[in-house]
1. Would you mind classifying the stretch 24-83 by shape? Square roots of the alpha carbon gyration tensor eigenvalues, ordered a ≥ b ≥ c; an a/c under 1.5 is rounded, otherwise it is prolate if a/b is larger than b/c and oblate if not.
2. Step through the table entries LYS2/LYS75; LYS75/LYS136; LYS2/LYS128; LYS2/LYS136; LYS2/LYS48, compare each Cα-Cα distance with 20 Å, and write down the pairs that go over it.
3. Helix-only estimate, please: 222 nm mean residue ellipticity of the chain, summing -39500 (n - 2.57) across DSSP H runs of length 4 or more and dividing by its residues, to the nearest 500.
4. Counting other C-beta atoms within 10 Å, and keeping those with at most 13, which DSSP coil chymotrypsin sites (Phe, Trp or Tyr not before Pro) do you find in the stretch 59-143?
5. If you split all Cα-Cα distances of the stretch 24-144 into 10 Å bins from zero, what percentages do you get per bin, shortest first?
6. At what distance in nm do the modelled label points of ARG46 and VAL105 sit from each other, each positioned 7 Å from its Cα along Cα→Cβ?
7. So which trypsin sites (Lys or Arg not before Pro) in the stretch 1-77 end up in coil per DSSP with only 12 or fewer other C-beta atoms within 10 Å?
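Read-outs throughout are calculated quantities, based only on the coordinates presented, and are distinct from any laboratory measurement. Treat the numbers as computed from the prediction; the structure is a model and nothing was measured. With ideal geometry, Cβ positions are generated from the backbone for all residues, glycine too; neighbour counts draw on all protein chains shown.
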Amino acid sequence: MKTYNFYGWMGADVPAVSNQYPGIKTPRDLYDALWDVWCLETCSPRMKDRWSQANRTLGQCSITAFLAQDIFGGKVYGVPLPTGRFHCYNVVGDCVFDLTSEQFVDEDLSYENNPEQFREVQFAEHEKEVRYRYLKRMLMERQRGLSKS
């Protein structure tokens, strides 16, 4: 089995509840697909100066977590950060996974007793919704291209 570095990867085998993205059946499949899609354009504006191919998950948390919610259901929660913001991750039943945790190399995040995050609140920052829609579109194009191969 391939190994991953994102939090919860070993148990990230909840099934997709949406068949909108052919070939994405588990969060690990989504991570593999997003690896080809995450880019500077999908990175949070305040982090763009630090984004790189080596740290693709930087600045991608909320848009990735809500896209994962679209595909797998469940809820999005947020780890409070010293900046007053939240780092978003997913909980589906008993499965907790954070597809963008790799950006926190030197920090330990607690995935317990965190507040639920809501799309309407997160996307009140319009740029976030724009990035989410772009990520979603790029993922869909990637998956369509693969299914035609």
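1. Details: a/c = 2.46, a/b = 1.26, b/c = 1.96.
Oblate shape, in that a/c is at least 1.5 and b/c is the bigger or equal ratio.
2. On the way: LYS2/LYS75 26 Å; LYS75/LYS136 18 Å; LYS2/LYS128 31 Å; LYS2/LYS136 25 Å; LYS2/LYS48 29 Å.
LYS2/LYS75; LYS2/LYS128; LYS2/LYS136; LYS2/LYS48, as the Cα separations exceed 20 Å there.
3. Details: 4 runs with 48 residues, N = 149.
Here the helix-only value at 222 nm equals -10000 deg cm²/dmol.
4. On the way: sites: PHE66, PHE72, TYR77, PHE86, TYR89, PHE97, PHE104, TYR111, PHE118, PHE123, TYR132, TYR134; in loops: PHE104, TYR111, PHE118, PHE123.
Sites meeting the loop and neighbour criteria: PHE118.
5. With 10 Å bins starting at 0, P(r) equals 13, 50, 34, 3.
6. Spacing of the two 7 Å Cα→Cβ label points: 2.2 nm.
7. Numbers: sites: LYS2, LYS25, ARG28, ARG46, LYS48, ARG50, ARG56, LYS75; in loops: LYS2, LYS25, ARG56.
In loop regions of the stretch 1-77 (DSSP not H, G, I, E or B), the sparsely surrounded trypsin sites (Lys or Arg not before Pro) are LYS2.
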